[in-house]
Amino acid sequence: MTDSSLQIDTTRPGLARMYDYLLGGTENHPVDRALVDEIAATDPGVFAAARANRDFLIRAVTHLVEEAGINQFLDLGSGLPTQDNVHAIAQAIDPSARVVYVDNDATVAAHAESLVSGRDNVEVVLGDVARPQAILDDPRVRKLIDFDRPVALLLVAVLHFVPDAEDPWAAVRVLLDALPAGSHLVLSHVSLAELDELAGTTDRAFEKRSIELNANRTKEQIRRFFDGLELLEPGLVETTEWRSGTAAPRKVSDMVIYAGLARKN
Ligand SMILES: C[S@@+](CC[C@H](N)C(=O)[O-])C[C@H]1O[C@@H](n2cnc3c(N)ncnc32)[C@H](O)[C@@H]1O
């Protein structure tokens, strides 16, 4: 089944819909659930890992609005911004906050109408992180984001879907170069580099559906996304350890997702 106007193919798994399923949403189809369930057979904690990633995002956005005075967000690889979304979190603290959601999954764009209708400060744009200049040049991005004021660039749980051949490090650099001092980078990235069994199951499950996952990156390779920035406390750590306020953070899943927040000085 394909919606020709938006190119939504529900015969193949969609990453935004899979993530929606992982978070307990209803905007997903059997093909999406099948791939998630295949991974969950090896690590049932993947649902909790997705939740922990989203909770990191919520804490980071809250910090940025409350402590850093940021009110512009460029959220790349946003997923379906339906639950605990960035604009709801940011605007609850600062009603003037502006958010542009960008994703290359047409399912996200299909939800744009219902999401942004009646809102002046939220946009949804179809775009590819690996083509950063096209995102920066998009008129809807430029209409909402003032590139002379600090911006929060969110790249949360998305860069492991961008292959080395497309040089995600260079893409991040292009995006950061367009932002003024005082801007921040919020980033998380799956790393299965030291997890043989889970890495094998996950790779095979994605490969069968012709989706490339680049979770073999090490912590050091992920840290390179922050080159030239001031990595704020507590540094690059697992999502559950990032300012979670608990003395002994829980290990919710075998899956490792590193997370960090950095400032451009
Ligand atoms: C795991 S979800 C993360 C959602 C949200 N950022 C979060 O962490 O809560 C990953 C999202 O990245 C999107 N994505 C994958 N590759 C992308 C690319 N090259 N450009 C833009 N979005 C991409 C997927 O469609 C999916 O919606």
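The values are calculated or read from the model by the stated rules, or taken from the named source; none is laboratory data. Model, not experiment: these values are computed from the prediction. As a convention, Cβ positions derive from the backbone with ideal geometry for all residues, glycine included, and neighbour counts pool all protein chains shown. Note: areas computed on protein heavy atoms with side chains; ligands, DNA, RNA excluded. Shrake-Rupley method; radii C 1.70, N 1.55, O 1.52, S 1.80 Å.
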Qualifying residue in segment 61-71 (condition: touching a residue at least 24 places away in the same chain (Cβ under 8 Å), open to solvent by less than 10 Å² (accessible area, probe 1.4 Å) and assigned to a helix (DSSP H, G or I)): yes
Residue, surrounded by the fewest Cβ atoms within 10 Å (Cβ to Cβ), within segment 16-60, restricted to residues that are out of contact with any Asp or Glu (no Cβ under 7 Å at 6 or more places or on another chain) and outside any helix (DSSP H, G or I): T26
Selection status of L159, at pLDDT 95 or above, open to solvent by less than 20 Å² (accessible area, probe 1.4 Å) and closer than 30 Å to K251 by Cβ: yes
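Inside segment 13-48, can you point out the residues that are near the ligand (Cβ under 10 Å from one of its atoms) and not hydroxyl-bearing (S, T, Y)? Steps first, answer last, please.
Of all residues in segment 13-48, those near the ligand (Cβ under 10 Å from one of its atoms) come to 14-20, 22-23.
Those that are near the ligand (Cβ under 10 Å from one of its atoms) and not hydroxyl-bearing (S, T, Y): G14, L15, A16, R17, M18, D20, L22, L23.
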Candidate set: segment 111-150, residues that are within 13 Å of the ligand (Cβ to nearest atom) and more than 18 Å from the chain's Cα centre (by Cα); chosen: the one most open to solvent (accessible area, probe 1.4 Å): A134
Residues within segment 49-71 that are in contact with a Leu (Cβ under 6 Å, 6 or more places away or on another chain) and either over 30 Å from G245 (Cβ atoms) or more than 14 Å from the ligand (Cβ to nearest atom) (or both), tallied: 1
Residue ID - farthest from the ligand (Cβ to nearest atom), chosen from residues in segment 90-104 that are over 15 Å from R140 (Cβ atoms) and buried (at least 22 other Cβ atoms within 10 Å of the Cβ): A97
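Let's see how each residue does on (1) surrounded by fewer than 16 Cβ atoms within 10 Å (Cβ to Cβ); (2) among the β-branched types (V, I, T); (3) farther than 30 Å from V31 by Cα:
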position	(1), (2), (3)
E194	yes, no, no
R204	yes, no, no
K208	yes, no, no
K251	yes, no, no
I257	no, yes, no
A262	no, no, yes
